[in-house]
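Participant: What follows is a single structure, and I will ask about it in a moment.
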Amino acid sequence: MYKAKAYSAANATSPLASNTIPRREPTEQDVQIEILFCGICHSDLHTVRDEWHSVMPTVYPCVPGHEIVGKVTKVGSGVTRFKPGDLAGVGCLVDSDHTCPSCRDGLEQFCPEMTLTYNSPDKHLGGVTYGGYSDSIVVDEHFVLHVPANLNLAGVAPLLCAGITTYSPLRHWGVTTGKKVGVVGLGGLGHMGVKFARAFGAHVVVFTTSPGKKADALRLGAHEVVISSNAEEMQKHAGSFDFILDTVSADHDINAYINLLTRDGNLTLVGAPEKPLAVSAFGLLFGRRSLSGSPIGGIAETQEMLDFCGKHGITADVEIIPIQKVNEAYERLVKADVKYRFSIDMASLKSE
Ligand code: NAP
Ligand code: ZN
């Protein structure tokens with residue numbers, strides 16, 4: 001065991017602050033990574049503030065961060081796919097049982113024994129796992145991703161959660177040329193959803209509550225932008241979408257979007273608001289529409305997504321911040337004031 005530097009929250013209302021945490025020495029199949037950048041996901045904020053208490057209560061101290069990119073510093077004797085000096089990525093998963101039907105299908109995100117990167121029971125050290133707001137992390141090789149060498153690392157980090165969480169449902173629901181796709185909410189997930197849907201050939205419409213994001217939405221790849229408070233603009237799209245990806249982090253009216261789906265259209269929730277959303281039965285049954293959810297993605301698909309990004313030059317649009325600005329960044333996240341992902345330059349942790 002060794003001590004790593006980290007930023008952690010002591011309870012649901014305290015700001016994140018500098019701390020040290022235990023990390024295990026790499027075992028046979030482990031990879032140790034020096035973290036260079038870590039994205040700030042809205043899930044970090046939900047967890048730090050214990051907003052998901054009824055589903056996944058937060059254990060403190062909490063070190064969030066599951067959009068990790070860095071350099072391999074050490075590998076265990078059984079590691080074959082990485083060597084010191086390699087670039088490496090880690091997303092939301094660091095372990096699973098490797099044997100259940102989901103793991104066998106390469107869908108570790110559905111393993112009943114999956115270990116999340118933070119706030120999951122730590123099989124090695126006891127307590128809970130600690131995430132990427134830290135200078136290093138030790139992860140089973142199976143959960144470590146190869147990072148394309150041609151991409152900007154600060155912009156790669158968010159691909160490990162915002163990237164895969166949007167890529168996976170767009171692929172699952174067959175988004176391709178000729179499909180009309182809506183993306184609700186232009187934040188970290190939403191802006192990646194726009195980039196992927198556009199890259200897959202769809203006609204992309206962004207729904208935003210922020211009129212100031214209109215020009216950016218078009219630049220990011222949207223064909224059209226709708227200000228969701230404008231009922232007339234919304235009505236123009238009634239019954240026309242094959243697929244809508246809802247990335248909103250707070251309470252909102254999803255019936256307004258269900259009504260925009262075509263026959264057999266699907267709305268998938270990836271946003272995870274604190275409180276349950278109300279659904280009108282009529283919106284679903286007229287039109288045989290469906291409502292789904294989708295959590296992150298499996299390891300094989302995460303690698304596929306990273307390779308796709310390498311090939312197509314896709315990264316997140318990031319605002320790079322030092323770790324000392326993390327609490328300010330959280331306040332801005334709540335106000336939907338992020339363009340379009342905060343990426344923490346972990347070198348800033350050295351001065352703590
Ligand atoms: P984010 O960057 O904060 O973006 C959320 C966006 O939602 C905002 O930029 C805003 O877009 C919109 N929004 C915020 N409050 C709203 C409100 N009251 N009404 C309507 N729209 C509102 O967050 P994120 O990191 O993309 O995460 C989004 C959600 O996905 C979070 O709940 C997060 O926990 C969840 N998540 C889920 C998974 C998964 O596996 N399913 C993975 C990662 C994250 P506009 O300004 O354009 O309206
Ligand atoms: Zn996330």
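No value in this document is a laboratory result; all are computed from the given coordinates. Keep in mind it's a predicted model, so treat the numbers as computed, not measured. As a convention, Cβ positions derive from the backbone with ideal geometry for all residues, glycine included, and neighbour counts pool all protein chains shown.
Participant: One-quarter of the Cα convex hull surface for region 163-293, in nm²?
Facilitator: Approximately 7.0 nm², given one-decimal rounding.
Participant: Grab the Cα-Cα distance for Glu25 and Leu285, subtract it from 0.36 nm times how many residues apart they are, and report the gain in nm with one decimal.
Facilitator: Gain on extension, Glu25 to Leu285, equals 88.2 nm.
Participant: At a 10 angstrom cut-off on C-beta neighbours, averaged per residue, how do the peptides 24-31, 110-117, 190-197, 90-97 rank from highest to lowest?
Facilitator: Answer by packing, highest mean first, reads 190-197, 90-97, 110-117, 24-31.
Participant: Through the Karplus equation 6.51 cos²θ - 1.76 cosθ + 1.60, θ set to phi - 60°, convert the phi angles of region 162-176 into ³J(HN,Hα) values in whole Hz; use x for Gly and Pro.
Facilitator: Values per residue, Gly and Pro as x: 4, x, 5, 5, 9, 4, 4, x, 4, 5, 4, 8, x, 6, 7 Hz.
Participant: Sticking with this one: Quick check for you: which residues of region 224-259 have the amide N under 16 Å from the point 7 Å beyond the Cα of Ser54 toward its beta carbon?
Facilitator: Those under the cut-off are 250-252.
Participant: Moving on to the next point. Could you tell me the calculated FRET efficiency between Asp122 and Ala256, based on Cβ-Cβ distance and R0 = 35 angstrom, to the nearest 0.05?
Facilitator: 0.25
Participant: Where does the charge balance sit around Lys275 when Lys and Arg score +1, Asp and Glu -1, over other residues with C-beta under 12 Å from its C-beta?
Facilitator: -3
Participant: Identify, among Phe82, Cys309, Leu277, the residue whose Cα sits farthest towards the positive end of the charge dipole of the chain, taking +1 on the Cβ of Lys and Arg and -1 on the Cβ of Asp and Glu, with the dipole about the Cα centre.
Facilitator: Value: Cys309.
Participant: Here's something else I'd like to know. For region 113-124, in order, what is each residue's ³J(HN,Hα) by Karplus, 6.51 cos²θ - 1.76 cosθ + 1.60 with θ = phi - 60°, in whole Hz (x at glycine and Pro)?
Facilitator: Values per residue, Gly and Pro as x: 9, 5, 10, 6, 4, 9, 6, 10, x, 8, 5, 8 Hz.
Participant: How large is the charge dipole for region 163-293, taken about the Cα centre, if only the Cβ atoms of Lys, Arg (+1) and Asp, Glu (-1) carry charge, to the nearest 20 debye?
Facilitator: With Lys and Arg at +1 and Asp and Glu at -1, about 380 debye.
Participant: Assuming 0.36 nm per residue, please report the length gained on full extension of the stretch Thr13 to Ser210 beyond their Cα-Cα distance.
Facilitator: 68.2 nm is the gain from fully extending Thr13 to Ser210.
Participant: Let me ask something additional. At a 10 angstrom cut-off on C-beta neighbours, averaged per residue, how do the peptides 228-240, 130-142, 256-268, 149-161 rank from highest to lowest?
Facilitator: The most tightly packed comes first, giving 130-142, 149-161, 256-268, 228-240.
Participant: Another question, if that's okay. Work out the FRET efficiency for Glu304 and Glu34 from their Cβ-Cβ distance, taking R0 = 25 Å, and round it to the nearest 0.05.
Facilitator: Between Glu304 and Glu34 the formula returns 0.45.
Participant: In debye, nearest 20, what is the charge dipole magnitude of the chain about its Cα centre with +1 on Lys and Arg Cβ and -1 on Asp and Glu Cβ, if you could check?
Facilitator: 680 debye
Participant: On a C-alpha basis, how far is the centre of region 108-141 from the centre of region 6-51 in Å? Whole number, if you could?
Facilitator: Between the Cα centres of region 108-141 and region 6-51 lies a distance of 10 Å.
Participant: Net charge within 11 Å of Asp337 by Cβ-Cβ distance, Lys/Arg positive one each and Asp/Glu negative one each, not counting Asp337 itself?
Facilitator: +1
Participant: Tell me, what ³J(HN,Hα) does each residue in region 151-157 have, in order and in whole Hz, if you take phi through Karplus 6.51 cos²θ - 1.76 cosθ + 1.60 with θ = phi - 60° and put x for Gly and Pro?
Facilitator: Working through the residues one at a time gives 9, 5, 5, 4, x, 7, 3 Hz.
Participant: Positive end of the dipole of region 163-293, charges at C-beta (+1 Lys, Arg; -1 Asp, Glu), about the Cα centre: which of Ala256, Thr177, Gln235 has its Cα farthest in that direction?
Facilitator: Sorting the options by dipole projection puts first Thr177.
Participant: Which lysines have a Cα less than 30 Å from the Cα of Lys311, not counting those fewer than 8 places away in the same chain?
Facilitator: By straight Cα distance, Lys311 reaches Lys71, Lys74, Lys83, Lys179, Lys180, Lys195, Lys213, Lys214, Lys339.
Participant: Still on this structure: Taking K and R as +1 and D and E as -1, what net charge do the other residues with C-beta under 13 Å from the C-beta of Val206 add up to?
Facilitator: Local net charge: +2.
Participant: Could you pull out the trypsin sites (Lys or Arg not before Pro) across region 87-178 that fall in loop regions by DSSP (anything but H, G, I, E, B) with no more than 13 other Cβ atoms inside 10 Å?
Facilitator: Here the sparse-neighbourhood loop sites are Lys123.
Participant: Once both axes come from the Cα atoms, what is the angle between helix 188-199 and the longest principal axis of the chain, in degrees from 0 to 90, rounded to 10?
Facilitator: Between helix and principal axis, roughly 70 degrees.
Participant: With a Förster radius of 51 Å, plug the Cβ-Cβ distance of Asp97 and Asn230 into 1/(1 + (r/R0)^6) and report the FRET value to the nearest 0.05.
Facilitator: FRET efficiency, Asp97 to Asn230: 0.60.
Participant: Could I ask something else about it? Could you give log10 I(q)/I(0) at q = 0.09, 0.12, 0.15 Å⁻¹ for the chain, computed by the Debye formula over C-alpha point scatterers of equal weight, without solvent?
Facilitator: -0.47, -0.83, -1.28
Participant: If you don't mind, another one. 5 Å is the cut-off here: which amide hydrogens, built 1.01 Å from N in the peptide plane, fall below it relative to Gly182, excluding neighbours closer than 5 in sequence?
Facilitator: Val205, Phe243, Ile244, Leu245
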